[in-house]
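Presented below is the structure to which this report refers.
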Amino acid sequence: METIILAVVIAVVVLGALGGLIVGSRRRKPLPPPPPTTPDITAPPAEPHVGEEAETPRDEERRTIEEVDLPGGPPVAVEEPPVVPAPEIEVPEPTAGRLVRLRARLSRSQNALGKGLLTLLSREHLDEDTWEEIEDTLLTADVGVQPTQELVDRLRERVKVLGTRTPEELRGLLREELVKLVGADADRTVKTEPEDRKPGIVMVVGVNGTGKTTTTGKLARVLVADGRTVVLGAADTFRAAAADQLQTWGERVGAYTVRGPEGGDPASVAFDAVKEGKEMGVDVVLIDTAGRLHTKTGLMDELGKVKRVVEKHAPLDEVLLVLDATTGQNGLVQARVFAEVVDITGIVLTKLDGTAKGGIVVAVQRELGVPVKLIGLGEGADDLAPFEPEAFVDALIGE
């Protein structure tokens, strides 16, 4: 009996063991594959970016702006900046005989003097009242007291000797005496050709409003017309746009302009202008200075400084004083003060076409002892003329 029980227990154990093996085989999972020899390293995620860097740059085909289709119509054409054409170089009118050509313009405003004198001298009886009228006519024309007295004395003597007087004789007599009074023998050449060096240096001075900068520009045209090369120095740094005005005059005839900052040192600009003229090998350097009030000592002293600085290069060949012919005797006061500061070598009378006071030519020459070398007879570019005494007197007394 015991043997049966033992056999049954053994059988139960065997069956249990077989059942466990079957269940275990069903639940068994596959083992993971062996690790690779070189582990893969994954980069950490990129930090977030803003704007153009929000995406990781990618290599892609790039196109030019011309290949990109712009929305809304044809592509916009890019305009090139306009090309400013160089100013056309003008050929100034020749200076030879220019005053003769402008004689009609001069005579229209000056005939009051000449015709008045001829009318008085043509009277049958020249008594003291007539001679006083002749004196008044000359003084009104700004001839000046001393020159007037000299002219009247000579006319009295010659009329007394002449006796009977025809209009032709009177005109010839008056012309002869006026030419003597104006001074036919004075050297009126504008000195621009020194023998020992180059360039010639000309400084232009004067009071505000006399047309000084315009005269400097017109003088450049006169020199260019005579075959000279010119550099302009815009030393008037105080008046707004003075340098622009002078540069415009220069560009019209091909003259180079040296300029400085507005309100800068005028002496420095003048010095640089002469230096540039020497380096360029031009014939003449024209220096336009700032307008001065002859009553202001500081301004006049600065003008003297400009002269001294320029003369560190070379002596000045000309110092031209520009006077407004319409100012009459007041112009003589200005002339005296300028002559004390700088050595005036010549006079330029402007606006002589707009006044009947042509006698200022005589008065200013007597006052300064220097000749009138140029006269302005209008607003035209070529209306600045070398002064010719005979042509001037002929315009005064008419035909």
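The values are calculated or read from the model by the stated rules, or taken from the named source; none is laboratory data. Only a predicted model underlies this, so the values are computations on that prediction, with no experimental measurement involved. Note: ideal-geometry Cβ built from the backbone for every residue, glycine included; neighbour counts use all protein chains shown. We work out accessible area using only protein heavy atoms, side chains counted, and drop any ligands, DNA or RNA first. Shrake-Rupley method; radii C 1.70, N 1.55, O 1.52, S 1.80 Å.
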Taking 22 Å as R0, compute the FRET efficiency from the Cβ-Cβ separation of Ile89 and Asp244 and round it to 0.05. 0.75
Order 6-13, 165-172, 179-186 from most to least packed using the mean count of other Cβ atoms within 10 Å. 179-186, 165-172, 6-13
Could you tell me what percent of the accessible area of segment 177-299 is made up of carbon and sulfur, with a 1.4 Å probe and every protein chain present? 48
Any idea what diffusion coefficient segment 122-238 gets from Stokes-Einstein, in µm²/s, Kirkwood Rh on alpha carbon pairs, 25 °C, 0.890 mPa s? 133
Show me, for segment 262-275, the HN-Hα J-couplings you get by feeding each phi into the Karplus relation (A = 6.51, B = -1.76, C = 1.60, θ = phi - 60°), rounded to Hz, glycine and proline as x. 4, x, x, 7, x, 5, 5, 5, 4, 4, 5, 5, 5, 4
Read phi for every residue in segment 145-158 and hand back ³J(HN,Hα) as whole Hz from Karplus 6.51 cos²θ - 1.76 cosθ + 1.60, θ = phi - 60°, with x for Gly and Pro. 5, 5, x, 5, 4, 5, 5, 5, 4, 5, 5, 4, 5, 6
Once fully extended, how much extra length lies between Glu176 and Ser268, figured as 0.36 nm per residue of separation less the alpha-carbon to alpha-carbon distance? 28.3 nm
Quick one: Karplus J couplings for segment 307-323, per residue in order, coefficients 6.51, -1.76, 1.60, θ = phi - 60°, nearest Hz, x for Gly and Pro? 4, 5, 5, 4, 6, 5, 7, 5, x, 6, 8, 9, 10, 9, 9, 8, 10
Using only the Cα atoms of segment 239-335, what semi-axes does the equivalent ellipsoid have when each is the square root of 5 times a gyration tensor eigenvalue? Give whole Å, largest first. 24, 17, 14
